[in-house]
Amino acid sequence: MNPLLAQLITVTQDNLYSICKYLSTGHEHTIQQILNALARKGVILNTNSSVVYKYMNRLKELEIVNVRIQGKTQYFSLNRQYNVVSGSEIGDKNTPFLVSLQKTLSKYQTLPVQEELEILINRSMPNLSDEGFMIIDFETADHYTGHEFLNFLYYKITECEMIQFQYQKFSWPAPKEVELQPYLLKEYAKRWYLVGRWKGSEQFVTYPLDRITEINWEYEGAVFERDPTFDPHKRWQNCVGIFFADHKPSQVSFELKNNEHLNIEYLKTAKIHASQKEKLIDEEWIQVNLRVVISMELVREIRKWGVHNMRNIKPKKLDKMVRFE
């Protein structure tokens, strides 16, 4: 949050605003759903705490929210005149497009874009349900380990605030504490990664979200000055995958044999890297040339074509990694 704005807005006011923004989707929500929404913003309240009930009672007294009771459950909704999301009206003709976009991004439920899309759709056509359909299906997992951290990390990156979490490598017996300046969320091979810097360091480090065991939600991280030269496209332009972005690229080549699966044609149209160039040797073999950082991600991509279909893998370091490691 902007430091000046933080001085003007109390914690209670900030939380009330977050609740109203969440309820601006136009749907009814339970206390537990509101608690989950606040948690995604980094506001962790005990489920048994009376704080959130005091928040909702205050909003009811001001007639900002309505409540419907069914059995033992209370369902809260926002009076439309108090919708906190402003902006131009969305035409009826455009709303099905937004619904299609929402369904296309359905595998990214924990990203803030879903909440914003729902708000836009319900402001335009509150009763719209089945108009619009998925047009693009991204190759991504329906459920990521660590996905529950995405919303929180997104806003910490936006606000340039340091974070603290527990991280455990597969080879470590116990997790270790990390303090990080978060810069980027990056998806690769059905996993999410957090890229950032340690305080006082110019080196960027990468943490898989599925190995973050716990986030310190109550940690009051200092605001840091983001490096304006950080460019994700340039940083990974010589890489296959997510790691070793700081290493220099190498000239890599291997020869691939065609077979009944038409390896050569598939490799030409599904390139390993943007630098890939092919040279036809004969009707059966092709030479593939790349300029990339040598990494295990590169090794895995090359192995997909079958080690038994390859020869003359260069340099020797890569040949050893592909065949024996």
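The values are calculated or read from the model by the stated rules, or taken from the named source; none is laboratory data. Only a predicted model underlies this, so the values are computations on that prediction, with no experimental measurement involved. Quick reminder, even Gly has a Cβ in these numbers, built from the backbone with ideal geometry, and neighbours come from all protein chains shown.
Here residue 240 fits the description: touching a residue at least 60 places away in the same chain (Cβ under 8 Å) and under 30 Å from residue 201 (Cα atoms).
Does any residue of region 182-193 turn out to be touching a strand residue (DSSP E or B) at 6+ places or on another chain (Cβ under 9 Å), charged (D, E, K, R) and more than 30 Å from residue 289 (Cα to Cα)? Lay out the reasoning, then the answer.
Quick first cut of region 182-193, residues touching a strand residue (DSSP E or B) at 6+ places or on another chain (Cβ under 9 Å) only: 182-187, 191-193.
Narrowing the set further to residues that are charged (D, E, K, R) leaves 186-187, 191.
Filter once more, keeping what is more than 30 Å from residue 289 (Cα to Cα): none.
No, region 182-193 contains no residue that is touching a strand residue (DSSP E or B) at 6+ places or on another chain (Cβ under 9 Å), charged (D, E, K, R) and more than 30 Å from residue 289 (Cα to Cα).
Do we have any residue at all in region 152-162 that's over 16 Å from residue 42 (Cα atoms) and in contact with a strand residue (DSSP E or B) (Cβ under 9 Å, 6 or more places away or on another chain)? The answer is no; no qualifying residue exists.
The residues of region 188-204 that are buried (at least 16 other Cβ atoms within 10 Å of the Cβ) and not hydroxyl-bearing (Ser, Thr, Tyr), listed by number, are 191, 192, 194, 195, 196, 197, 204. Which members of region 100-121 meet the condition of being assigned to a loop (DSSP other than H, G, I, E, B) and out of contact with any His (no Cβ under 7 Å at 6 or more places or on another chain)? Selection gives 105, 109, 111.
Taken as a whole, the structure leaves residue 107 outside the set of residues that are surrounded by 13 or more Cβ atoms within 10 Å (Cβ to Cβ), closer than 20 Å to residue 218 by Cβ, of a type outside the set (A, V, I, L, M) and at pLDDT below 80. Which residue pairs have Cβ atoms closer than 7 Å, lie 6 or more positions apart in sequence or on different chains, and pair a first residue in region 49-78 that is basic (Lys, Arg) with a second residue that is surrounded by 11 or more Cβ atoms within 10 Å (Cβ to Cβ) and not in a strand (DSSP E or B)? So the pair list comes out as 68/28. For the residues 212, 272, 286, 294, the requirement of being touching a residue at least 12 places away in the same chain (Cβ under 8 Å), surrounded by 12 or more Cβ atoms within 10 Å (Cβ to Cβ) and outside the structural domain of residue 318 (by TED's automatic domain parsing) singles out 212.
Is it the case, given these coordinates, that residue 245 is small (Gly, Ala, Ser), outside the structural domain of residue 165 (by TED's automatic domain parsing) and over 22 Å from the mean Cα position of the chain (by Cα)? So residue 245 does not fit the description; no.
Checked against the criteria, residue 255 counts as in contact (Cβ under 8 Å) with a residue 24 or more places away in the chain, outside any helix (DSSP H, G or I) and either loosely packed, with under 11 Cβ neighbours inside 10 Å or touching a strand residue (DSSP E or B) at 6+ places or on another chain (Cβ under 6 Å) (or both).
Could you list, in sequence order, the residues of region 144-188 that are over 23 Å from residue 112 (Cβ atoms), out of contact with any Ser or Thr (no Cβ under 8 Å at 6 or more places or on another chain) and not in a strand (DSSP E or B)? Please lay out each step first, then the result.
Initially, region 144-188 is screened for residues over 23 Å from residue 112 (Cβ atoms), giving 166-179.
From what's left, out of contact with any Ser or Thr (no Cβ under 8 Å at 6 or more places or on another chain): 169-174, 176-179.
Matches in region 144-188: 169, 170, 171, 172, 173, 174.
Within region 224-237, the set of residues being touching a residue at least 60 places away in the same chain (Cβ under 8 Å) and surrounded by 15 or more Cβ atoms within 10 Å (Cβ to Cβ) comprises 224 only. Of all residues in region 58-83, those satisfying the criterion of being surrounded by 15 or more Cβ atoms within 10 Å (Cβ to Cβ) and either in a helix (DSSP H, G or I) or at pLDDT below 80 (or both) are 59, 83.
Of all residues in region 210-226, how many are assigned to a loop (DSSP other than H, G, I, E, B) and in contact with a strand residue (DSSP E or B) (Cβ under 8 Å, 6 or more places away or on another chain)? So the answer is 6.
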